[in-house]
Amino acid sequence: MRSFNGISVPAEGEAIEYRDGRFVVPDRPIIPFIEGDGTGRDIWAASRRVFDAAVRQAYGGKRQVAWYEVLAGEKAFSKLGTWLPDDTVEAARQFRIAIKGPLTTPVGGGIRSLNVTLRQVLDLYACVRPVKYYPGVPSPVLHPERMDLVIFRENTEDVYAGIEFREGTPEAQKLIAFLDREFGKKIKPDSGVGIKPMSVSGSKRLVRMGIEYAREHKRNRVTLVHKGNIQKFTEGAFRDWGYQVAKEEFGDVCLTEEELAQPPYNGQIPAGKILINDRIADSMFQQVLTRADEYQVVCTPNLNGDYLSDACAAQVGGLGMAPGANMSREYAFFEATHGTAPKYADKDMVNPGSVLLSGVMMFHTLGWHEAADAIEQALARTIAQKRVTYDLERLMPGATRLKTSEFASALIENLGAAVPARA
Ligand code: NAP
């Protein structure tokens, strides 16, 4: 198709393809973007300038993103009368990799959520959230620099499957009676009930993605976080299936804690090997506070991942700067993790860090590592210079408050420093 929502596809770009298990990225990839509602407009304008400058600097014109606006949220509603046009979902499918700012959640029933729809239509089974500290960012913990991990949260199963029955309804009563009659399981009759499905295939593909990520990014620890001590056949099974993937598919690189303790390893992870271990979710919340540096990649079911992602992001002071992606092997949607912060809309005030760092993830996924590294380093430098937006400035003594657009300009200025080559 040459247009979606009546907007022409950029003539100078080409679609990213997926072949032989990987993205095939042309030098002019068409990347759909949704600028987002509220503060999304300022954030997107600022982020796009930084992205284009980083790509220009890294590749001197050889590569360039052909940005392609697709509509969702308020903009789609005002132009097309729908919050999520089918064309937008179709464009995400056709072009495979896309990025979005925050969207308003419309009040009222019957409205499709972009995230839920894309997750279902494209089967984006992993919610990926890197959590890393940038020196200078105010943090509530003593050693935020110890945290540098990537959380792979299962995105399609668990209590999020939406199988729930309200207390007192015939459905809830029927299910309660069925469980009693068939299995002798007693539930108080005045209960609401929900179902927590977790499958072998859903769990294994998530853990597989986490281990592959660790291998590609030279991270040597993968931790399965679960509540298997209580929920043996869902959370406990997730742990067991995770270990199975490690053993059966990555046996040449993965070592368990038990194996690592024996000779010849004696507790040292050799180069090229990955330690696979597991932690019970409640213990993990302590561990990320006290020994965050022992964790690098975390694979976890949906609900644990929901809690853990925000708790970890808060530790590095970066809830407003935390990036994220919903992805499968074949599709990826990068996004701001915060909302639209409507009271600051069009005031050129808020922190664009979440979309910028989502862009860093996106460029890594494209294989454009030099551009990704350049943006990340420029962001780190700008924060270290204490040139920050209001949210950080109010917590950083001696900092200079910049507008969203000025922050982008500061980053572009800081892109100038040499970018080390990547192995
Ligand atoms: P929010 O938009 O995340 O804003 C809450 C507060 O977080 C803001 O008032 C601001 O705090 C801070 N904040 C958020 N983004 C910031 C940024 N980029 N820079 C600096 N500070 C930032 O949450 P909300 O007010 O609950 O939600 C507003 C709308 O966004 C709702 O419609 C909600 O459904 C939607 N939402 C969308 C997404 C998404 O699209 N991914 C996610 C969450 C919420 P201070 O006022 O203290 O400075």
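So, of the residues in the range 118-143 that are part of a helix (DSSP H, G or I) and over 13 Å from the mean Cα position of the chain (by Cα), which turns out to be farthest from residue 296 (Cα to Cα)? Before you say what the answer is, go through the steps one by one.
Pass one, the range 118-143, residues part of a helix (DSSP H, G or I): 118-122.
Now drop any that are not over 13 Å from the mean Cα position of the chain (by Cα), which leaves 118, 120-122.
Numbers: 118: 28, 120: 28, 121: 30, 122: 27 Å.
Looking at residues that are part of a helix (DSSP H, G or I) and over 13 Å from the mean Cα position of the chain (by Cα), I get 121.
Six or more apart or on different chains, Cβ under 9 Å: which pairs go from a residue in the range 376-389 that's under 17 Å from residue 355 (Cβ atoms) to one that's of a type in the set (D, E, K, R) and within 16 Å of the ligand (Cβ to nearest atom)? Could you list them?
The qualifying pairs are 388/401; 389/401; 389/403; 389/406.
Any residue at all in the range 244-262 that is touching a residue at least 60 places away in the same chain (Cβ under 8 Å) and crowded, with 20+ Cβ neighbours inside 10 Å? Don't jump to the end; show me each part of the working.
Here is the first cut: in the range 244-262, the residues touching a residue at least 60 places away in the same chain (Cβ under 8 Å) are none.
No, the conditions are met nowhere in the range 244-262.
With a cut-off of at least 1 residues that are under 15 Å from residue 299 (Cβ atoms) and among the β-branched types (Val, Ile, Thr), name the helices (runs of 4 or more DSSP H) lying wholly within the range 189-265.
On the way: elements: 200-216, 235-249, 257-261.
Qualifying helices (runs of 4 or more DSSP H): 200-216, 235-249.
Conditions (1) closer than 30 Å to residue 397 by Cβ; (2) within 13 Å of the ligand (Cβ to nearest atom); (3) outside the structural domain of residue 292 (by TED's automatic domain parsing), marked per residue:
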residue: 75; (1), (2), (3): no, no, yes
residue: 81; (1), (2), (3): no, no, yes
residue: 93; (1), (2), (3): no, no, yes
residue: 102; (1), (2), (3): yes, yes, yes
residue: 115; (1), (2), (3): no, yes, yes
residue: 118; (1), (2), (3): no, yes, yes
residue: 123; (1), (2), (3): no, no, yes
residue: 134; (1), (2), (3): yes, no, yes
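With respect to residue 355, determine if the residue is away from the ligand (no atom under 12 Å from the Cβ) and crowded, with 20+ Cβ neighbours inside 10 Å. It would help to see each step written out before you state the result.
Values: away from the ligand (no atom under 12 Å from the Cβ): no; crowded, with 20+ Cβ neighbours inside 10 Å: yes.
No, not satisfied.
Test of understanding: among 307, 344, 295, which residue is aromatic (Phe, Trp, Tyr), more than 12 Å from the chain's Cα centre (by Cα) and assigned by TED's automatic domain parsing to the domain that holds residue 24?
Numbers: 307 fails: assigned by TED's automatic domain parsing to the domain that holds residue 24; 295 fails: assigned by TED's automatic domain parsing to the domain that holds residue 24.
After applying the criteria, what remains is 344.
Of the residues in the range 385-417, how many are within 11 Å of the ligand (Cβ to nearest atom) and open to solvent by less than 80 Å² (accessible area, probe 1.4 Å)?
First, the residues of the range 385-417 that are within 11 Å of the ligand (Cβ to nearest atom): 388-395, 404, 407.
Remaining after also requiring open to solvent by less than 80 Å² (accessible area, probe 1.4 Å): 388-393, 404, 407.
Looking only at that region, the number is 8.
Could you tell me which residue of the range 303-315 is nearest to residue 161 (Cα to Cα), considering only residues that are within 15 Å of the ligand (Cβ to nearest atom) and crowded, with 21+ Cβ neighbours inside 10 Å? Quick ask: steps written out before the conclusion?
Within the range 303-315, the first condition is being within 15 Å of the ligand (Cβ to nearest atom), and the residues that meet it are 306, 309-310, 313-314.
The next check asks that each one be crowded, with 21+ Cβ neighbours inside 10 Å; those that pass are 309, 313.
Working: 309: 19, 313: 25 Å.
Of everything passing the filter in the range 303-315, 309 is nearest to residue 161 (Cα to Cα).
Yes or no: residue 343 without any contact (Cβ under 8 Å) to a residue 24 or more places away in the chain, within 12 Å of the ligand (Cβ to nearest atom) and surrounded by fewer than 20 Cβ atoms within 10 Å (Cβ to Cβ)?
Working: without any contact (Cβ under 8 Å) to a residue 24 or more places away in the chain: yes; within 12 Å of the ligand (Cβ to nearest atom): yes; surrounded by fewer than 20 Cβ atoms within 10 Å (Cβ to Cβ): yes.
The answer is yes for residue 343.
Quick check on the range 361-381: of everything there that is open to solvent by 10 Å² or more (accessible area, probe 1.4 Å) and under 17 Å from residue 131 (Cβ atoms), which residue is nearest to the chain's Cα centre (by Cα)? Explain how you work it out, then say what you get.
Going residue by residue through the range 361-381, those that are open to solvent by 10 Å² or more (accessible area, probe 1.4 Å) are 361, 364-367, 369-370, 373, 376-377, 380-381.
Subsequent filtering for residues that are under 17 Å from residue 131 (Cβ atoms) retains 361, 364, 376, 380.
Details: 361: 9, 364: 13, 376: 16, 380: 20 Å.
This residue is 361.
The values are calculated or read from the model by the stated rules, or taken from the named source; none is laboratory data. Quantities reported herein were computed from a predicted structural model and do not represent experimental measurements. With ideal geometry, Cβ positions are generated from the backbone for all residues, glycine too; neighbour counts draw on all protein chains shown. These accessible areas exclude ligands, DNA and RNA; they are computed on the full protein's heavy atoms, side chains included. Shrake-Rupley method; radii C 1.70, N 1.55, O 1.52, S 1.80 Å.
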